[in-house]
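Student: Here it is: the structure, laid out below.
The values are calculated or read from the model by the stated rules, or taken from the named source; none is laboratory data. Every value quoted in this text rests on a predicted model; they were computed, and no experiment measured them. Cβ: placed from backbone, ideal geometry, glycine included. Neighbour counts: every protein chain shown. Please note that ligands, DNA and RNA were not included when accessible areas were found on the heavy atoms of the full protein model with its side chains. Shrake-Rupley method; radii C 1.70, N 1.55, O 1.52, S 1.80 Å.
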Amino acid sequence: MIIVMKPGSQESDVNEISRVLESLGLGVHISKGTERTIIGVIGDKRVLSDVPLELMPGVEKLVPIVESYKLAGKTFKPEASIVDVNGVKIGGKELVIMAGPCAVESREQILEAAVAVKKSGAQFLRGGAFKPRTSPYAFQGLEEEGLKLLNEAKELTGLLIISEVTSERAVEIADKYVDMFQIGARNVQNFQLLREVGRSGKPVLFKRGPSTTIDEWLNAAEYIMSEGNYNVVLCERGIRTFETATRNTLDISAVPVVKNSSHLPIIVDPSHAAGKAQYIAPLSKAAIAAGADGLIIEVHPNPRCALSDAAQQLTPQSFDDLCRDIGQLAGLLGREFRYGKGE
Ligand code: PEP
Ligand code: MN
């Protein structure tokens, strides 16, 4: 349920309602909009049966939330959220690009990738240190060593760092090295892990699973948010369909659908959707045109030698060409992207 306050209601009214709700063991989430304040109520509403909330000062109306997800939904917070990751804002006017190799492989590789993507305008460096591979015999990532190399790249370039965490142990280790956790598609419903990153309070890039509906995905985001961490950015990365021409099928419609039902920012990963480098540029442009707040793209200094996802990684040159186009597209769409301003 949400409590919609009257325009111009007093802060003391909101405080008094919060006090009453909390004294009954309910969770309170306050969302201050430009016009009015909305109080979200979390927990078992039966304790409110004798409390005439609608008569309390400043209250306009009580509205039930029909979606099973609440904190992630728009009823709760009608305005779009902006997630601030150490100064870079995701969900605002400026498009955010995260780029880098699928996996951190060596110092030389990650530093070269970092310098290149920074030059083209990326704000984040990506690179897997804990790699969730289909085969247990495939390269599994450099783990903490990889995270240290990402930090070296951060010192060199000033890029923010995003890296995937696959377990509670990985969260503990990665916490001191990354600016943002990435939860990968395979862990979209690993609820223990979601609660763990929720408790960390650190921003989370939360990928959609290959077989999760948007409703299931938003419910899963609720696991992170219900631990008090509202710094969640969604990422559409392709879903499994009958089509085999691409690795997954990029669900472009997820962008407007999510924008319609959630206030959370959403970015798109065309790399894992397409699985082939030649499709990354058109899918990236389609994603931005559909309203995505940014992109996460795999870029490798020498894709042919990559230890994972070789076929889908862009060369620094193709990435640069794409960023130039994104810069032009951004202008047409009333967005901003600082192409080539990374030096
Ligand atoms: C990744 O970003 O490296 C990755 C493994 O992606 P996904 O979880 O979308 O498969
Ligand atoms: Mn990959």
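Student: In region 286-334, how many residues are within 16 Å of ligand 1 (Cβ to nearest atom), closer than 18 Å to residue 266 by Cα and not in a loop (DSSP other than H, G, I, E, B)?
Tutor: Of the residues in that region, 6 qualify.
Student: With respect to residue 60, is the statement that it is within 16 Å of ligand 2 (Cβ to nearest atom), acidic (Asp, Glu) and more than 18 Å from the chain's Cα centre (by Cα) true?
Tutor: So residue 60 fails the test.
Residues checked against (1) away from ligand 1 (no atom under 16 Å from the Cβ); (2) within 27 Å of residue 223 (Cβ to Cβ):
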| site | (1), (2) |
| --- | --- |
| 90 | yes, yes |
| 122 | no, no |
| 128 | no, yes |
| 138 | no, no |
| 167 | no, yes |
| 171 | no, yes |
| 184 | no, yes |
| 192 | yes, yes |
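Student: When you look at residue 293, is it touching a residue at least 12 places away in the same chain (Cβ under 8 Å), away from ligand 2 (no atom under 16 Å from the Cβ) and in contact with a helix residue (DSSP H, G or I) (Cβ under 7 Å, 6 or more places away or on another chain), yes or no? Explain how you work it out, then say what you get.
Tutor: Values: touching a residue at least 12 places away in the same chain (Cβ under 8 Å): yes; away from ligand 2 (no atom under 16 Å from the Cβ): yes; in contact with a helix residue (DSSP H, G or I) (Cβ under 7 Å, 6 or more places away or on another chain): no.
Against the criterion (touching a residue at least 12 places away in the same chain (Cβ under 8 Å), away from ligand 2 (no atom under 16 Å from the Cβ) and in contact with a helix residue (DSSP H, G or I) (Cβ under 7 Å, 6 or more places away or on another chain)), residue 293 does not qualify.
Student: Specify the residue that is farthest from residue 94 (Cα to Cα); the eligible residues are those in region 117-146 that are in contact with a helix residue (DSSP H, G or I) (Cβ under 6 Å, 6 or more places away or on another chain) and modelled with pLDDT of 95 or more. Can you show your working first?
Tutor: The first filter runs over region 117-146 and keeps only residues in contact with a helix residue (DSSP H, G or I) (Cβ under 6 Å, 6 or more places away or on another chain), leaving 118, 120-121, 125, 127, 129-130, 132, 144.
So of that shortlist, the ones also modelled with pLDDT of 95 or more come out as 118, 120-121, 125, 127, 129-130, 144.
Values: 118: 16, 120: 15, 121: 12, 125: 17, 127: 22, 129: 28, 130: 29, 144: 32 Å.
Result: 144.
Student: Restricting to region 67-93, give me the number of residues that are crowded, with 18+ Cβ neighbours inside 10 Å and more than 22 Å from residue 33 (Cβ to Cβ).
Tutor: Here the count works out to 2.
Student: Can you run down the residue pairs with Cβ atoms below 6 Å, 6 or more apart or on separate chains, where the first is in region 318-333 and over 9 Å from residue 120 (Cα atoms) and the partner is not in a helix (DSSP H, G or I)?
Tutor: 326/337; 327/337; 327/339; 330/95; 330/336; 330/337
Student: Determine, yes or no, whether residue 340 is more than 16 Å from ligand 1 (Cβ to nearest atom), in a loop (DSSP other than H, G, I, E, B) and more than 22 Å from residue 111 (Cα to Cα).
Tutor: Spelling it out, it is not the case that residue 340 is more than 16 Å from ligand 1 (Cβ to nearest atom), in a loop (DSSP other than H, G, I, E, B) and more than 22 Å from residue 111 (Cα to Cα).
Student: Also: Can you confirm whether region 269-285 contains a residue that is in contact (Cβ under 8 Å) with a residue 24 or more places away in the chain and part of a strand (DSSP E or B)? Write out each step before concluding.
Tutor: Start the filter on region 269-285 by keeping residues that are in contact (Cβ under 8 Å) with a residue 24 or more places away in the chain, which leaves 269-277, 279-281, 283-285.
Now restrict to residues that are part of a strand (DSSP E or B): none.
No, every residue in region 269-285 fails to be in contact (Cβ under 8 Å) with a residue 24 or more places away in the chain and part of a strand (DSSP E or B).
Student: If you don't mind, another one. Tell me the residue from 168, 196, 152 that is of a type in the set (Asp, Glu), in the same structural domain as residue 224 (by TED's automatic domain parsing) and under 20 Å from residue 112 (Cα atoms), please.
Tutor: Numbers: 168 fails: under 20 Å from residue 112 (Cα atoms); 196 fails: under 20 Å from residue 112 (Cα atoms).
Being of a type in the set (Asp, Glu), in the same structural domain as residue 224 (by TED's automatic domain parsing) and under 20 Å from residue 112 (Cα atoms) holds for just one of 168, 196, 152, which is 152.
Student: What are the pairs, 6+ residues apart or on separate chains, where a residue within region 211-235 that is assigned by TED's automatic domain parsing to the domain that holds residue 269 and closer than 20 Å to residue 91 by Cα has its Cβ under 6 Å from a residue that is open to solvent by 30 Å² or more (accessible area, probe 1.4 Å) and not polar (S, T, N, Q)?
Tutor: 214/257; 229/201
Student: Criterion first (under 22 Å from residue 104 (Cα atoms), within 16 Å of ligand 2 (Cβ to nearest atom) and under 15 Å from the mean Cα position of the chain (by Cα)) does residue 238 satisfy it?
Tutor: Answer is no for this residue.
Student: Could I ask something else about it? For region 22-66, please list each of the strands (runs of 3 or more DSSP E) lying entirely inside it that holds at least 2 residues being assigned by TED's automatic domain parsing to the domain that holds residue 10, open to solvent by less than 40 Å² (accessible area, probe 1.4 Å) and within 19 Å of residue 230 (Cα to Cα).
Tutor: 27-32, 37-42
Student: As an exercise: evaluate residue 310 against (1) exposed (fewer than 15 other Cβ atoms within 10 Å of the Cβ); (2) free of Cβ contacts under 8 Å to residues at least 24 places away in the same chain and give the number of the one condition it does not meet.
Tutor: (1)
Student: Tally up the residues in region 241-268 that are within 16 Å of ligand 2 (Cβ to nearest atom), surrounded by 21 or more Cβ atoms within 10 Å (Cβ to Cβ) and not in a strand (DSSP E or B), please.
Tutor: 2
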